[in-house]
Protein chains: 2
Amino acid sequence: MPTLGIDLGGTNARAAVVDAQGQILASTKLALTERSPAAVVEVIAQAAASAMAGAGGVEVRGCGVGAAGQIHRETGVLAVAPNLGWRNVPLGALLAERLGRTVRVVNDLAAAAWGELHAGAGRGAHDVYVVFVGSGVGSAIISNNQLVRGAGGVAGELGHTKVVPGGRRCGCGELGCLEAYAGGHNLIAQARELLASGRSTVLAELAEGDPARITPVMLEHAAEAGEPGAREIHERAGQMLGMAIANMVTVLNPARLILGGGVLMHCPGIRRYVVEGVQALSSTTAREELLIAEAELGDDSGIIGAALLA
Amino acid sequence: MPTLGIDLGGTNARAAVVDAQGQILASTKLALTERSPAAVVEVIAQAAASAMAGAGGVEVRGCGVGAAGQIHRETGVLAVAPNLGWRNVPLGALLAERLGRTVRVVNDLAAAAWGELHAGAGRGAHDVYVVFVGSGVGSAIISNNQLVRGAGGVAGELGHTKVVPGGRRCGCGELGCLEAYAGGHNLIAQARELLASGRSTVLAELAEGDPARITPVMLEHAAEAGEPGAREIHERAGQMLGMAIANMVTVLNPARLILGGGVLMHCPGIRRYVVEGVQALSSTTAREELLIAEAELGDDSGIIGAALLA
């Protein structure tokens, strides 16, 4: 029987009816106009109803939700969801009541990893490490077909491992996190600092002088054009990601390393640093049978994974 | 029913009859005079027979072996066991034939972690990270009561994560491993280099000028006496361990971090760096409910864990 998958972002909620093979039968995406828990639950319920109608009124068995934030694993409470400005919202319970079905809430990256494992680049593997570098840096660990969730449900936070003690301040408030150097938001922030310092004519041209237009791809272009300032930021981000991911490969010994997220998809230069870093720095034994693959499901990995986890 | 635990080191084999609560009922330790697989299997069998006789001829159900080396998880083949000079020895099968019972072979650190989880400092926790710093640096991950073994069975190799790309050569042949700076063997090697350079009068005194007598504890004394060379090695090792372990706490979100091994047991200064590093550098959310504990079972953790895994 199909299940319902929900992808809850900061600006949209998307619902999909997904079959047992991870195929999306129908999906509906609705904008979140208001961010109160009650309003968001209502939008999700509408998206779900619409997707189910779209799938021909098919009966679904359960509902899985992937949401950006820290989620308490037993209760489905969103402890912190920065995109929504939520703290301690019992999303699982609210949604279960509204939908009249059981609901399981997991972190969006855990859902995406689960989707890639069962319907994407991880098919056939039992031990998988999934890294997404988008605006943030996150990861999910699958060991022997089980998600590693951690005692508080916040395992996988690769972006908040420290690479420079006392270094750049991260969005999480701490200093020297990997994400503060290599996450998309922070690549842009660093590129803006560079633009403001007047040290990048390439960036100034590409962004037409407007810091708001800068993207990680522009930074990569400036780096590849040989501008020292851009190169420094770009190389540092790539090398830090490469070493951090290599070290996780050494410790976790996955059969497959899956790379996804906007920065890794759209910045081949950064992706190259990562792949080369993993090849050069992970231990030979851990790397022996490692396959490095690209995430296959794109934006659908989370919703498919959430549905399959339901 | 009790089970049989075997701890296979480079110089001794120890067998113990262990009850279901992880209590050792009887144990026998025998020296390995010869290191051929056949000879080692024979010594293990003698130790096992003696331990079982010591326990009053009690019947045992299965046999678990903890061995230093890389072990193929399905077959019990020791792919590489440097202490014994073995490559691709089917220890599990050889021992099962000799003992006439089922045998499960695991890495010694995985066994120790399992012992600490069920009968030591990890009791009551489901998500545990165990780090041992002895002559080498190793770790074991327990997620939701399951050992994380990795695709090839070599998960946990924290000692071979890289801390300085292109840095000191490690015993594993690679460059810049954590173990090359912070493992006991390498602390001694670095202290010997210091002694040879004539830059440590404290070490020269403590070791009576004999490099062969140097221990990590002497290095710690020299560091605490304020000698710059010793301090540099000691501080670097402690800080590298602290950051690496903090980052694993961030990614794994364990309920308990268990610290063991000779260096952490006997060098309180290094242990302090580790604890302070974890407190300062792991992410606040991962650390929220973290308990840092000392390994409780000492040298028995491996044999108890192996028996409980049987």
Other-chain or far-sequence residues with amide H under 5 Å of residue B:294's (modelled H): B:259
Cα-based convex hull, region B:158-197, per residue volume (Å³, whole number): 60 Å³
Residues of B:233-243, mean number of Cβ from any other protein chain within 10 Å of their own Cβ, rounded to a whole number? 1
Backbone HN-Hα couplings from phi across region B:28-39 [Karplus 6.51/-1.76/1.60, Hz, Gly and Pro as x]: 9, 10, 10, 6, 8, 8, 10, 10, 5, x, 4, 5
With +1 on the Cβ of every Lys and Arg and -1 on the Cβ of every Asp and Glu, the dipole magnitude of chain A about its Cα centre, in debye rounded to the nearest 20, is 580 debye
Karplus-derived 3J(HN,Hα) from phi for region B:60-70 (6.51 cos²θ - 1.76 cosθ + 1.60, θ = phi - 60°), whole Hz, x at Gly and Pro, runs 10, 8, x, 9, x, 10, x, 9, 6, x, 9
Out of B:94, B:189, B:153 - ranked by how far each Cα lies towards the positive end of the dipole of region B:78-205, with unit charges on the beta-carbon of charged residues - the top one is B:94
Need one word for the protein assembly as shown: rounded, prolate or oblate. Basis is the Cα gyration tensor (sqrt eigenvalues a ≥ b ≥ c); a/c below 1.5 gives rounded, then a/b vs b/c decides. oblate
Amide H within-cut-off set for residue A:139, under 5 Å, with H built and near neighbours excluded: A:132, A:158, A:159
Report the Cα centroid-to-centroid distance between region A:134-182 and region B:101-118 in angstrom, as an integer. 30 Å
May I ask you to report, in nm to one decimal and beginning with the shortest, the distances from residue A:228 to the same position in the other copies, taking label points 7 Å along Cα-to-Cβ? 3.0
Hey, what do the phi angles of region B:216-225 turn into as Karplus ³J(HN,Hα) couplings, whole Hz, using 6.51/-1.76/1.60 and θ = phi - 60°, x for Gly and Pro? x, 5, 5, 4, 4, 4, 5, 5, 6, 6
Label points for residue A:213 built 7 Å along Cα→Cβ; distances to same position in the other copies, nm, shortest first, come to 7.4
Around residue B:155, which amide H atoms from residues at least 5 apart in sequence, or from another chain, sit under 5 Å from its own amide H, with H modelled in the peptide plane? B:150
Per residue, how big is the convex hull around the C-alpha atoms of region B:260-303? Give it to me in cubic angstrom, could you? 77 Å³
Across 5 Å bins from the origin, how do the percents of Cα pairs in region B:1-121 run, short distances first? 2, 12, 23, 27, 20, 11, 4, 0
Evaluated at 20 °C and 1.002 mPa s, the Stokes-Einstein D of chain B based on the Kirkwood radius over Cα pairs, in µm²/s, stands at 107 µm²/s
Inter-chain shielding of B:158-169 (mean C-beta neighbours from other protein chains, 10 Å cut-off): 4
Evaluate 2.2 N^0.38 Å with N set to the residue count of region A:125-294, then give the Cα radius of gyration divided by it. 1.05
Name the lysines eligible as straight-distance cross-link partners of residue B:162: C-alpha to C-alpha under 20 Å, and not fewer than 8 places from it in the same chain. A:162
Please list A:30-37, B:226-233 highest first by mean number of surrounding beta-carbon atoms within 10 Å per residue. B:226-233, A:30-37
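Coordinate-derived values only; no laboratory data. Since this is a predicted model, take the numbers as computed values, not measurements. Using ideal geometry, Cβ is built from the backbone for each residue, glycine included, and neighbour counts are taken over all protein chains shown.
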